Amino acid sequence: MSSFLIVAILFISASIAGLAVFFVKRDNTNYLKLILSFSGAYLFAITVLHLIPHAYSDGNTSPEIIGLYILGGFIFQLLLEQFSQGIEHGHIHHHENSGFPLGIMVSLCLHAFLEGMPLVAGHQSQLVFGIAIHHIPAAFALGSLLLNTRLTKNSIIILLLIFAAMTPLGYLTSSFLSNGEISNISQHFDKIMAVVIGIFLHISTTILFESGSADHHKFNKKKMAAVFLGIALSLTTFLFPTHDHSHHGHDHQHEHNHDAHDHEHHDHDHHDHSDHSDHNH
């Protein structure tokens, strides 16, 4: 997946969802709950099926350390939520005529920026769509909150676009750092990925718990359908791996075959040479 496509998907999905608050009635949250259930299930499934196995198998860091970083990401999101008031998992708050929610904006932007960083390390297709789907209810909830402040319409649009730009910015920053000689950030990608896994685990499980009916133990057919759809979508990418997922392995195999071919060629030359010397005798 090209850098342009990654940036476009992440920016456009969050922008459209955020700006939708100007056109969609915010009283009807049933559709939002279904999108939340779907995004929570998809996020949880890609974390378990793709991200966790690769965090443990790809890097040079010991499994215990990776586990600590995952736990750290989970706790970090728990703390971040105290400032963001749960907007990253679609909580809509109605505080009439309140001032600018600086704490919420900063914590949401930090959260979004961090999510973009591991995209450089691979597994892009799953991660990009996971983040994009999860940002749809988050951007909508942020837009709803900003509409209830004393901010002008233009200020709200600018703030929503800043939020939408944070994940692409995180991706581009880590891409720039990994290509430059300034920092060996690529050595730490597995640790950054582990922190993001912790964040995803917290958000997805919270979404799945909260997006149901008031009584969480009551069976909700629509919610279950949305959850199974999210899981099914993550399974399709699991059953049919994308090219960027196996690209590194392919290069390695190609290199290996090339070496083997050179070796074979060398043996062949050596054999011809010995035949030739026997013939001279």
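Within segment 109-155, count every residue that is in contact with an Asp or Glu (Cβ under 6 Å, 6 or more places away or on another chain) and in a helix (DSSP H, G or I).
Initially, segment 109-155 is screened for residues in contact with an Asp or Glu (Cβ under 6 Å, 6 or more places away or on another chain), giving 111, 124, 131, 138, 148.
Right, trim to in a helix (DSSP H, G or I) and you get 111, 124, 131, 138.
Total meeting the criteria: 4.
Listed by first and then second residue, the pairs linking a residue in segment 204-224 that is of a type in the set (Phe, Trp, Tyr) to a residue that is at pLDDT 85 or above, with Cβ atoms under 9 Å apart and 6 or more places separating them unless they lie on different chains, are Phe209/Gly40. Only a single criterion out of (1) buried (at least 21 other Cβ atoms within 10 Å of the Cβ); (2) within 19 Å of Val128 (Cα to Cα) is not satisfied by Ser84, namely (2).
Among what's in segment 42-74 and is of a type in the set (Val, Ile, Thr) and under 18 Å from the mean Cα position of the chain (by Cα), pick the residue that is nearest to Lys191 (Cα to Cα). Walk me through how you get there before you give the answer.
Residues of segment 42-74 that are of a type in the set (Val, Ile, Thr), as a first pass: 46-48, 52, 61, 65-66, 70.
Then keep just the ones that are under 18 Å from the mean Cα position of the chain (by Cα); that gives 46-48, 52, 66, 70.
Values: Ile46: 18, Thr47: 15, Val48: 16, Ile52: 12, Ile66: 6, Ile70: 8 Å.
Per the criteria, the residue is Ile66.
Would it be correct to say that Val21 is β-branched (Val, Ile, Thr), closer than 19 Å to Met166 by Cα and either under 20 Å from the mean Cα position of the chain (by Cα) or at pLDDT 85 or above (or both)? No, not satisfied. Taking segment 29-53 as the range and being surrounded by fewer than 24 Cβ atoms within 10 Å (Cβ to Cβ), in contact (Cβ under 8 Å) with a residue 12 or more places away in the chain and β-branched (Val, Ile, Thr) as the test, the residues that pass are Thr29, Ile35, Ile52. Would you call Ile136 surrounded by 15 or more Cβ atoms within 10 Å (Cβ to Cβ), of a type in the set (Val, Ile, Thr) and modelled with pLDDT under 85? Spelling it out, it is not the case that Ile136 is surrounded by 15 or more Cβ atoms within 10 Å (Cβ to Cβ), of a type in the set (Val, Ile, Thr) and modelled with pLDDT under 85.
The values are calculated or read from the model by the stated rules, or taken from the named source; none is laboratory data. This one's a predicted model, so the numbers in the text were calculated from it and none came from an experiment. Neighbour counts are summed over all protein chains in view; Cβ atoms, including those assigned to glycine, are modelled from backbone coordinates with ideal geometry.
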